[in-house]
Amino acid sequence: MSSEIKMQVLQRVILPADDQLDTTALYVDAGPANGIRLRENDEFARNPKSTEEKLHFVSSGGEEVHFEDVLSRSSVRLRAGEQLSFGTYFNAFPASYWRRWTDLQMVRLVVRTTGHGTVTVYKSNARGTLQRVDGARVEGAAVTEFELSLKPFGDGGWYWFDLASSREELTLDSAEWQGAEREGNPGKVTLEITTMNKPDFCLNNARILSEHPEVLEHVQEILIVDQGTQKVAEQPGFAEVKSALGDKLRIINQANLGGSGGFSRGMYEAVENGSDYALLLDDDVVIEPESIARLLTFSDHCRKPTIVGGHMFDLYSRSVLHTFGEVVDPYRFVPAMPHADMEMRHDFSVANLRQTPWLHRRVDVDYNGWWLCMIPTEIIREIGLSLPVFIKWDDAEYGLRAREAGFATVSLPGAAVWHVSWIDKDDLVGWQAYFHGRNRLITTLIYSPYKKGGRVIRESFQADVKHLVSMQYFTEHSRLDALKDLFLGPRICTAISPRSSARSMR
């Protein structure tokens, strides 16, 4: 890469915050890359995984990371004779995504260290096969750079690096992945949180953002759309957060219009204030603040306007990934995984990135959940706001609408939030069943390529029978109301107040 090319940071190497050390497996691994037995034959990934087969995924070496050696968000100490790998969810570089969606041809890895040891760079292909790329010995205060091509990453693969100390300590002071700077100024972002009686989460995320001003450089406004009765602005600690964020923080109080109504308000405000992107964020999450900078940088580099979202981890089991990407099954019209070898709820503390071949294949999606999703205002101007369906299916419908208009969606690895788990609740049972059933059928009517919507009516009837024989009569009554309301046509989205409808069903 020519030294005349002006470079910019694409992705900083980061470590967990002091109060998030249970997420360490997502940031750094103990042990070298060659201490992991990768599966080069993906037959195991395509068959049901028995207990015996899972033994193939166990690391052959490496110790636990010493939490006390994490010195800061960018620095970690290796004791004498230790090895650490940054082939992890947050610190490996998702080369195949940058190769597919941007014009970058090369990246530069810059590693700043103090002490004695080695830096070794690895890459993988779409099948998860590991390959050593380059390496260097370091002594004293050193800055080591590696020029790396993106050409080999057509359908998958990552870059990462490992550190190994010698007989003395080695400290990683900082590291980053750089790329050629794009023309023009970085985009401006309106970060919008829709909330309904979750003021503690909102204040916590606002506090996290205020503590990381480096990721707010291009955030024009942090907007909280408060639709609840427990107002964020009335909570203890709000004044402190407001003082820290200053004019960047604004609260809009409005009636409860559901997630779709709150997010639509955020989209509208982003267009009106001249932002280039609306970054939608759920209220019941804890954000990794670096995700904001990564989403913005990637979005700015995309060849054309692209919806770019992040992943969701379980807030109560921090190393568990909800899904690596989602599509809509066009025949059944349900959320589905893009590849047969993918898994729901993958636990990185059990099998890390280097041990899991399907994580190395690039995943192309139909939509991204609005727990963390950046939408260019150019797309909003062209295809409009969220469908006013209150809750459920709003994010999937918007992704399908964008796709029909020629705009892709990318779920970018390395950008994520921790979201309240869905394991302890089944919202297909209860008052939300109305919105699940109705909005699934609305989306099917608009986008299904099959006559009579494929299997959706048959499967809907099967679900009705299941609820009846389970004596879930309230749920079934809600589903029948949804079907009847569907015949009202498009005005159903505004003619009936979802809140009053839910109350009447109770």
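Coordinate-derived values only; no laboratory data. Bear in mind the structure is a predicted one, so any value in this text is a computation, not a measurement. With ideal geometry, Cβ positions are generated from the backbone for all residues, glycine too; neighbour counts draw on all protein chains shown.
Tally Lys and Arg at +1 and Asp and Glu at -1 over the other residues with C-beta under 14 Å from the C-beta of Gln20: what net charge comes out?
Value of the local net charge: -4.
What does the helix-only formula give at 222 nm for the chain: each DSSP H stretch with n ≥ 4 adding -39500 (n - 2.57), the total divided by the residues, and the result rounded to the nearest 500 deg cm²/dmol?
The per-residue figure over the chain is -7500 deg cm²/dmol.
Check each of the trypsin sites (Lys or Arg not before Pro) in the stretch 61-102 and keep only those in coil by DSSP with at most 14 other C-beta atoms within 10 angstrom; list them in order.
Filter output for the stretch 61-102: Arg79.
For the pair Arg381 and Arg455, what calculated FRET efficiency results from E = 1/(1 + (r/R0)^6), where r is the Cβ-Cβ distance and R0 = 35 Å, to the nearest 0.05?
For Arg455 and Arg381, the calculated efficiency is 0.45.
Percent relative contact order of the chain, based on C-alpha pairs within less than 8 angstrom and at least six residues apart?
16 percent
Could you tell me which label, among (i) 158; (ii) 214; (iii) 166, carries the value of volume of the Cα convex hull per residue in Å³ calculated for this structure?
Here volume of the Cα convex hull per residue in Å³ agrees with entry (i).
Let me check against my output: what whole-number percent is the relative contact order of the stretch 371-485, with C-alpha pairs under 8 Å and at least 6 apart?
Value for the stretch 371-485: 27 percent.
Given the chain, what percent of its DSSP beta bridges are antiparallel, to the nearest 5?
75 percent
Computed FRET efficiency, Cβ-Cβ of Arg303 and Ile252, R0 45 Å: what is it to the nearest 0.05?
Between Arg303 and Ile252 the formula returns 0.85.
How much net charge surrounds Glu169 when only other residues with a Cβ under 14 Å from its Cβ are counted (Lys, Arg +1; Asp, Glu -1)?
-3
Can you give me the long-range amide H partners of Val138? Hydrogens built in the peptide plane at 1.01 Å from N, cutoff under 5 Å, separation of 5 or more residues or another chain.
Those qualifying (amide H under 5 Å, at least 5 residues apart or on another chain) are Gly117, Thr118, Val119.
Once you have the Cα-Cα distance between Arg79 and Glu4, take 0.36 nm times their residue separation minus that, and quote the gain in nm to one decimal.
23.2 nm
Please give me the summed charge of the neighbours of Ser319: other residues whose Cβ is under 10 Å from its Cβ, Lys and Arg +1, Asp and Glu -1.
-2
Do any chymotrypsin sites (Phe, Trp or Tyr not before Pro) in the stretch 231-310 lie in a DSSP loop with no more than 16 other beta carbon atoms within 10 Å, and if so, which?
none
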